[in-house]
Amino acid sequence: MAGPPDETLTQVGLAAGAASPETWGLRVLCSPDPGVEGLTLPVGDRLTLGRVQGDLVVADPKLSRRHVSIVRQGRLPVFTLQDHGSKNGTLLEGRRVQSGPLGSGAIIRLGDTLVAFGPLAAGDALAQGAWVGSSPASRRVLGELDRVAPTAVSVLVLGETGSGKELAARRLHAQSGRSGAFVAVNCGAIPGTLAESTFFGHTRGAFTGATHAATGRFEAARGGTLFLDEVGELPLSLQPKLLRALETGEVVPVGGQQPRPTDARVVAATNAQLDAAMAEGRFRPDLYARLAGYVVRLPALRERREDIPELARHLLAQATEGPAPRLSADLLERLLLHPWPMNVRELRTVMQRLALLSAGRSSLDADVLPSELLCPPPQPTLSDPLLSARSGRQQAPDAATLSGLLTRHRGAISRVAQALGTNRKQVYRWMAKHGLDADAFRD
């Protein structure tokens with residue numbers, strides 16, 4: 001359970017010393033050359049790839065001798081892709097290009113080799129556990145979870161549907177050292193009439209049908225972690241009672257008189273906009289403040305695309321009896337370019353479908369994918385807002401994009417404004433709209 005307010009850890013305190021200067025480079029996602037698959041390589045001022053010549057030589061027969069270069073433009077992290085007249089061409093975000101600007105997270109295809117471009121992960125290796133993926137976005141989240149896990153502070157996990165909120169909560173519990181159980185409650189699935197009994201338990205005869213006493217979720221999680229999934233769906237009538245339990249460390253069963261102590265550490269999660277719920281009176285601000293001792297924002301799958309090949313192989317292996325087939329470059333490219341609105345949950349469904357089609361096959365090509373993944377890839381968006389600024393276009397970013405920029409620039413509003421091609425006041429307006437606080441992203 002969360003401690004008193006003066007024990008609450010701030011985003012600043014947990015992140016102190018964790019940041020390091022960004023190094024930009026390539027990560028090889030898949031290749032017919034097993035010696036380079038998974039390799040990361042910094043760009044510096046220029047990085048050249050080819051089948052025979054270059055800083056990275058790849059044994060891919062579809063590459064030209066000297067295939068492509070990535071060149072840094074000046075001192076800012078602005079990079080350009082330059083194809084050297086290769087026979088089979090270079091594809092950027094699914095479209096053939098001779099040259100062009102590179103945004104963070106860009107997917108580049110050279111022959112049957114797929115690479116991702118962007119900031120490289122820095123720091124010591126982190127145990128992944130059940131979390132699959134080692135992209136910079138994944139490492140940031142795992143680092144945050146591991147730093148806050150041993151504390152008593154309440155944690156609020158924010159993320160889109162299917163982004164892994166329960167997985168994050170389970171990691172917090174596993175890394176916490178707490179000896180009690182991990183108890184999960186879906187707040188959106190509890191009937192209003194049973195909500196209080198579900199959380200706090202009840203005595204025998206407390207209400208019609210209560211033929212025996214029952215233990216509530218708080219007591220079941222004593223010494224462990226109570227995970228409140230979809231906390232934005234909590235009945236309003238229950239919220240003050242939950243707040244009191246968090247503040248006092250005690251619960252009173254329905255029909256009971258004597259309070260019972262509990263030290264369950266609370267982790268809450270939601271994909272809802274709680275700021276809007278508070279403004280409309282559907283969620284209590286004081287309860288939000290108690291739950292949000294530390295806020296973890298999970299990246300959407302489209303924000304950690306480098307993890308998709310590893311995730312796809314992992315999910316396919318889980319769903320396949322015997323050895324899983326190899327995924328072709330064409331298939332992986334389609335997976336990388338799909339927006340995944342339902343995140344990992346949607347990817348799991350696709351890979352389970354592919355497992356049904358893989359019997360007796362040693363490899364799978366793109367023709368087995370569902371029709372929505374076989375459509376031509378959409379015109380790529382400028383994933384790095386620096387490119388938007390250079391092209392003279394200004395677009396209102398969504399919450400995920402703005403949060404990503406604030407993380408990348410460590411809360412420096414002037415740098416975020418420069419990246420978006422706008423002014424500081426506009427950035428502050430967008431932050432207010434999405435309920436973001438610059439202090440939460442500063443070192």
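The values are calculated or read from the model by the stated rules, or taken from the named source; none is laboratory data. Values in this document were obtained by computation on a predicted structure and should not be read as measured data. As a convention, Cβ positions derive from the backbone with ideal geometry for all residues, glycine included, and neighbour counts pool all protein chains shown.
Which count do you get for residues in the range 173-217 that are in a loop (DSSP other than H, G, I, E, B) and at pLDDT 85 or above?
Of the residues in that region, 5 qualify.
Can you tell me which residue is farthest from residue 396 (Cα to Cα) among those in the range 408-423 that are basic (Lys, Arg) and either part of a helix (DSSP H, G or I) or at pLDDT 75 or above (or both)?
Per the criteria, the residue is 408.
Does any residue of the range 285-306 turn out to be in a loop (DSSP other than H, G, I, E, B), modelled with pLDDT of 90 or more and either on the phi > 0 side of the Ramachandran plot or of a type in the set (Ser, Thr, Tyr) (or both)?
Within the range 285-306 (the criterion being in a loop (DSSP other than H, G, I, E, B), modelled with pLDDT of 90 or more and either on the phi > 0 side of the Ramachandran plot or of a type in the set (Ser, Thr, Tyr) (or both)), the answer is no, since none of the residues qualifies.
With respect to residue 138, determine if the residue is in contact (Cβ under 8 Å) with a residue 24 or more places away in the chain, in contact with a Phe, Trp or Tyr (Cβ under 9 Å, 6 or more places away or on another chain) and within 30 Å of residue 287 (Cα to Cα).
In short, yes.
Within the range 89-97, identify whether any single residue is farther than 18 Å from residue 337 by Cβ, in a loop (DSSP other than H, G, I, E, B) and either in contact with a strand residue (DSSP E or B) (Cβ under 7 Å, 6 or more places away or on another chain) or in the same structural domain as residue 331 (by TED's automatic domain parsing) (or both), and answer yes or no.
no
Could you tell me whether residue 110 is touching a His at 6+ places or on another chain (Cβ under 7 Å), in contact (Cβ under 8 Å) with a residue 60 or more places away in the chain and buried (at least 17 other Cβ atoms within 10 Å of the Cβ)?
Yes, satisfied.
Do we find that residue 69 is assigned to a strand (DSSP E or B) and at pLDDT 95 or above in this structure?
So residue 69 passes the test.
So if I check each of 65, 75, which one is without any contact (Cβ under 8 Å) to a residue 12 or more places away in the chain and surrounded by fewer than 17 Cβ atoms within 10 Å (Cβ to Cβ)?
Exactly one of 65, 75 is without any contact (Cβ under 8 Å) to a residue 12 or more places away in the chain and surrounded by fewer than 17 Cβ atoms within 10 Å (Cβ to Cβ), namely 75.
Among the residues of the range 88-102, are any of a type in the set (D, E, K, R), within 26 Å of residue 326 (Cα to Cα) and surrounded by fewer than 17 Cβ atoms within 10 Å (Cβ to Cβ)?
Yes, the range 88-102 contains a residue that is of a type in the set (D, E, K, R), within 26 Å of residue 326 (Cα to Cα) and surrounded by fewer than 17 Cβ atoms within 10 Å (Cβ to Cβ).
Looking at 231, 254 in this structure, which one is crowded, with 22+ Cβ neighbours inside 10 Å, hydrophobic (A, V, I, L, M, F, W, C) and touching a residue at least 40 places away in the same chain (Cβ under 8 Å)?
Step by step, each of 231, 254 is checked, and only 231 is crowded, with 22+ Cβ neighbours inside 10 Å, hydrophobic (A, V, I, L, M, F, W, C) and touching a residue at least 40 places away in the same chain (Cβ under 8 Å).
Here's a check for you: in the range 163-202, which residue that is closer than 30 Å to residue 348 by Cα and among the polar types (S, T, N, Q) is surrounded by the fewest Cβ atoms within 10 Å (Cβ to Cβ)?
Among them, the one singled out is 186.
Out of 132, 78, 155, 148, report the one residue that is closer than 21 Å to residue 327 by Cα and within 25 Å of the chain's Cα centre (by Cα).
Selected residue: 132, the only one of 132, 78, 155, 148 that is closer than 21 Å to residue 327 by Cα and within 25 Å of the chain's Cα centre (by Cα).
Given the conditions (1) small (Gly, Ala, Ser); (2) in the same structural domain as residue 363 (by TED's automatic domain parsing); (3) crowded, with 21+ Cβ neighbours inside 10 Å, and given that residue 264 satisfies all but one, which numbered condition is not satisfied?
All conditions are met except number (2).
Take the residues in the range 320-340 that are among the charged types (D, E, K, R) and within 23 Å of the chain's Cα centre (by Cα); name whichever of them is surrounded by the most Cβ atoms within 10 Å (Cβ to Cβ).
Among them, the one singled out is 333.
Considering only the range 1-62, give the strands (runs of 3 or more DSSP E) lying wholly within it that have at least 1 residues that are crowded, with 19+ Cβ neighbours inside 10 Å and modelled with pLDDT under 95.
23-30
Can you pull out the residues in the range 275-295 that are within 15 Å of residue 435 (Cβ to Cβ) and crowded, with 22+ Cβ neighbours inside 10 Å?
Hits for the range 275-295 are 283, 291.
Of everything in the range 341-371 that's crowded, with 16+ Cβ neighbours inside 10 Å and among the β-branched types (Val, Ile, Thr), which residue is nearest to residue 106 (Cα to Cα)?
Out of the qualifying residues, it is 344.
Quick test of your reading of the structure: residue 426 fulfils all but one of (1) modelled with pLDDT under 80; (2) farther than 24 Å from residue 121 by Cβ; (3) out of contact with any helix residue (DSSP H, G or I) (no Cβ under 6 Å at 6 or more places or on another chain); (4) in a helix (DSSP H, G or I). Name the failing condition by number.
Result: residue 426 passes all but (1).
Inspect all residues belonging to the range 366-382 and state whether any of them is at pLDDT 50 or above and among the acidic types (Asp, Glu).
Checking the range 366-382: at least one residue is at pLDDT 50 or above and among the acidic types (Asp, Glu).
Against the definition (outside the structural domain of residue 331 (by TED's automatic domain parsing), among the small types (Gly, Ala, Ser) and under 21 Å from residue 344 (Cα atoms)), how does residue 111 come out, yes or no?
So residue 111 fails the test.
Return yes when residue 115 is under 24 Å from residue 22 (Cβ atoms), of a type in the set (A, V, I, L, M), surrounded by 23 or more Cβ atoms within 10 Å (Cβ to Cβ) and at pLDDT 95 or above and no when it is not.
For residue 115, the condition - under 24 Å from residue 22 (Cβ atoms), of a type in the set (A, V, I, L, M), surrounded by 23 or more Cβ atoms within 10 Å (Cβ to Cβ) and at pLDDT 95 or above - is met.
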